[in-house]
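The values are calculated or read from the model by the stated rules, or taken from the named source; none is laboratory data. On a predicted model such as this, the values are computed, not experimentally measured, just so you know. Neighbour counts are summed over all protein chains in view; Cβ atoms, including those assigned to glycine, are modelled from backbone coordinates with ideal geometry.
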Amino acid sequence: MKGKRLSVVVIGRNEGERLTRCLASLKAINFPSEQLEVIYVDSCSSDNSVEIATQFGATVVKLEPGHLTAAKGRNAGWRIASAAYILFLDGDTILDANFIDRAFKQMQDFNVAVLFGNRREIRPKDSIYNRVLDLDWISPPGSAEFCGGDALIRRSVLKTVGGYDETLIAGEEPDMCRRIRAKGFQILHIDSPMTGHDLAMKSLKQYLKRAFRTGYAYAKVSERFQATELPLWQSESRRNFRHASVFSTILFLSLTSSIFLHSFVPLIVFMGMFFALVVRTMLKFRWKTDSRITLLLYSIHSHLQQFPILIGQIGYWWDRRSNQMRGLVEYK
């Protein structure tokens, strides 16, 4: 493995054909194969994911059963990697053929420790959830506070900060990026296609579990850095608590008032208030899409997701109080 310029670490659990698609995309990139090392880290899959990775010639790492997290998988991968640059991918993504070439040009600035491009859903029309959550991936290019699961990172920087926190069931990327920024490095988002993602979300249960996981991460990460010079997710955590709590209270008062007064007027007033909030959100995020229907759905989602996110925050505080450690929250 000596002389490799890039190590790609793919993590997965029961990805099946999605993993096939991911590894096939690595074969098609504009990058010398002799300079490329591919490592697949498997989180106790019960399907044929390990066999698929082996067929593609990837180095396979199998995690032991226990407290499985994405962070543990990524750490296991980069720690055996031989290259100076590590590209992390989720097993349900496909890599753009030209991304690596564009990324390395930007990484000539040594101050840039982490670089990522644009992630978009490859099947946004498969479900209303895919369609809406596709817009969540869109963010302005330039200096960023953190990256997502797909990112190109200098191995030396990973070693300096100790990699990902394996106790986190979500939010491990923002947590690590916050520690990287504290060292004076930059997280850079370039306006270039990076990965296509297969969310494969087709049910309300999946949607709620994903939002719960987000809330859990908000609470845990924000608490960790609340008394530091570089707080993280403090405003998001407080805003979610305030938004969901106030909204729930108003809804409860509207329902009880309608029952007590035998009138739909309080509920109509509540719906009017909700519609006004949705319109305001549409105006705020209209830069993300030209589709008014998608924008409307995304704006409704932005408010409704606050409830399961709040439950996720409460779940963290419950676990902390009872001294429990929650494992991987899977929505697929």
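It is to be established whether one or more residues within region 33-41 are more than 22 Å from the chain's Cα centre (by Cα) and of a type in the set (S, T, N, Q). Yes, some residue in region 33-41 is more than 22 Å from the chain's Cα centre (by Cα) and of a type in the set (S, T, N, Q). The single condition among (1) surrounded by fewer than 17 Cβ atoms within 10 Å (Cβ to Cβ); (2) part of a loop (DSSP other than H, G, I, E, B) that residue 156 does not meet is (2). I need the full set of residues from region 266-297 which are of a type in the set (D, E, K, R) and within 17 Å of residue 128 (Cβ to Cβ), in order please. Correct list: 288, 292.
Of everything in region 289-309 that is without any contact (Cβ under 8 Å) to a residue 12 or more places away in the chain and among the hydrophobic types (A, V, I, L, M, F, W, C), the residue that is farthest from residue 127 (Cα to Cα) is 304. Taking the stated definitions as given, is residue 7 within 23 Å of the chain's Cα centre (by Cα), farther than 27 Å from residue 187 by Cβ and surrounded by 19 or more Cβ atoms within 10 Å (Cβ to Cβ)? No.
Counting only helices (runs of 4 or more DSSP H) that fall entirely inside region 259-325 and contain at least 2 residues that are of a type in the set (Val, Ile, Thr) and either farther than 17 Å from residue 236 by Cα or in the same structural domain as residue 169 (by TED's automatic domain parsing) (or both), the qualifying elements are 265-284, 292-304.
Taking residue 109, is it touching a strand residue (DSSP E or B) at 6+ places or on another chain (Cβ under 9 Å) and exposed (fewer than 14 other Cβ atoms within 10 Å of the Cβ)? Considered against the rule, which asks whether it is touching a strand residue (DSSP E or B) at 6+ places or on another chain (Cβ under 9 Å) and exposed (fewer than 14 other Cβ atoms within 10 Å of the Cβ), residue 109 comes out as yes. Could you tell me whether any residue of region 61-69 is buried (at least 21 other Cβ atoms within 10 Å of the Cβ) and either of a type in the set (D, E, K, R) or assigned by TED's automatic domain parsing to the domain that holds residue 37 (or both)? Yes: region 61-69 contains one or more residues that are buried (at least 21 other Cβ atoms within 10 Å of the Cβ) and either of a type in the set (D, E, K, R) or assigned by TED's automatic domain parsing to the domain that holds residue 37 (or both). If you go through region 123-143 and pick out every residue that is out of contact with any helix residue (DSSP H, G or I) (no Cβ under 7 Å at 6 or more places or on another chain) and either buried (at least 19 other Cβ atoms within 10 Å of the Cβ) or in the same structural domain as residue 232 (by TED's automatic domain parsing) (or both), you end up with 3. Within region 248-273, being touching a Phe, Trp or Tyr at 6+ places or on another chain (Cβ under 8 Å) and among the hydrophobic types (A, V, I, L, M, F, W, C) holds for 250, 251.
Within region 45-57, one or more residues are within 21 Å of the chain's Cα centre (by Cα) and either among the hydrophobic types (A, V, I, L, M, F, W, C) or on the phi < 0 side of the Ramachandran plot (or both). Just to be sure before I move on: is residue 100 on the phi < 0 side of the Ramachandran plot, free of Cβ contacts under 8 Å to residues at least 40 places away in the same chain and not in a loop (DSSP other than H, G, I, E, B) in the structure I sent? Criteria not met by residue 100.
Just so you know, in region 114-143 the residues that are under 16 Å from the mean Cα position of the chain (by Cα) and assigned to a strand (DSSP E or B) include one that is farthest from residue 295 (Cα to Cα), and it is 114. Every listed requirement among (1) buried (at least 16 other Cβ atoms within 10 Å of the Cβ); (2) touching a residue at least 60 places away in the same chain (Cβ under 8 Å) is met by residue 45 save one, (2). Restricting attention to region 320-332, the residues being touching a residue at least 12 places away in the same chain (Cβ under 8 Å) and of a type outside the set (Lys, Arg) number 6. Consider region 82-101 and keep the residues that are surrounded by 16 or more Cβ atoms within 10 Å (Cβ to Cβ) and touching a Pro at 6+ places or on another chain (Cβ under 9 Å). The one that is nearest to residue 50 (Cα to Cα) is 96.
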